[in-house]
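Following: one structure in structure tokens, then a few remarks.
Every number here is computed from the coordinates shown, using simple stated rules; none is lab data. As the structure is a computational prediction, the values presented were derived from the model and not from experiment. Cβ sites come from the backbone with ideal geometry, for glycine too, and all protein chains shown count toward neighbours.
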Amino acid sequence: MRIFFKDRSDAGRQLAEALRRFAGTEPVVLALPRGGVPVAFEVAKMLAAPLDVVLVRKIGAPGHEELALGAVVDGANPETVINDEVVRLAVPPPGYIEAETKRQLDEIERRRQLYRGNEPPPDLKGHTAIVIDDGIATGATVKAALSGIARSKPQYLVLAVPVAPRETLGELAGYCNEIVCLHSPDPFYAVGVHYVDFSQTSDEDVIGLLAESRAGASPG
């Protein structure tokens, strides 16, 4: 298993180089919190683009929260994306997905107030939207995020990640216009094994990076 990145900031700088060609397309950079924010911060800085967060939460399997049954993304009409194959394998009890969806929407509301306050989300219409995470495993959370963002009608929708399995990228191809991924190791075990430092990103880290980006980004 190869280590590709020192930490998320290093991954972001490497990813920014691969995305430099989007600098003239009025891009908006959208990070999946929390781990995607340090990566996206570096991209937004390179592109002089606005940075915001995609409020989306995984629906974990009972007793195995890292195993994604699906995900829910915030919006005027919250959207739940279910991984039917995982649901068949996990066999969640009746009502579990509905209850977990509500719990994750409550967490999304908490994070909205924490990260954005009264700031409205950016207008994506006519812009290139670049969705960033620190890596992808099953893709359920990213699939929900892309589905939600597409409703805002960006001119061009890009998924950009430092590392992900090739099979998952193939499944996500229909949800965006383009995918930029630096590494697709085979076999793929986990995102974190390709980082020297994959320590958890805190809410405070996210708030600080968003504030710094807002202070430094070019208008529009």
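At-a-glance table
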item	result
Burial ordering of TYR156, TYR195, fewest other beta-carbon atoms within 10 Å first	TYR156, TYR195
Helical contribution to [θ] at 222 nm, DSSP H n ≥ 4, -39,500 (n - 2.57), averaged over the chain, rounded to 500	-11500 deg cm²/dmol
Cross-link reach list, aspartates and glutamates versus LYS153, counting only Cα pairs under 19 Å and skipping chain neighbours closer than eight places	GLU26, ASP52, ASP74, GLU79, ASP123, GLU178
Kyte-Doolittle at least -0.5, axis length at least 15 Å by Cα - qualifying DSSP helices, the chain	36-47, 140-150, 203-216
Which of MET46, MET1 has the fewest Cβ neighbours within 10 Å, and the rest in rising order	MET1, MET46
FRET efficiency, 1/(1 + (r/R0)^6) with R0 22 Å, evaluated for GLU167 and ASP84 via beta carbons	0.85
Which listed pairs, of LYS58/LYS102; LYS6/LYS45; LYS58/LYS125; LYS45/LYS102, have C-alpha distances above 23 Å, in listed order	LYS58/LYS125; LYS45/LYS102
Sorted by Cβ neighbour density within 10 Å, fewest at the top, the residues ASP133, ASP205, ASP123	ASP123, ASP205, ASP133
Beta bridge orientation in segment 1-79: antiparallel %, DSSP, nearest 5	70 percent
The chain - share of DSSP beta bridges that are antiparallel (%, nearest 5)	35 percent
Among (1) 33; (2) 29; (3) 21, the entry that matches percent of Cα pairs over 29 Å apart as calculated here	(3)
Fluctuation leader among THR128, THR138, THR201 - the chain, Gaussian network, Cα springs under 10 angstrom	THR201
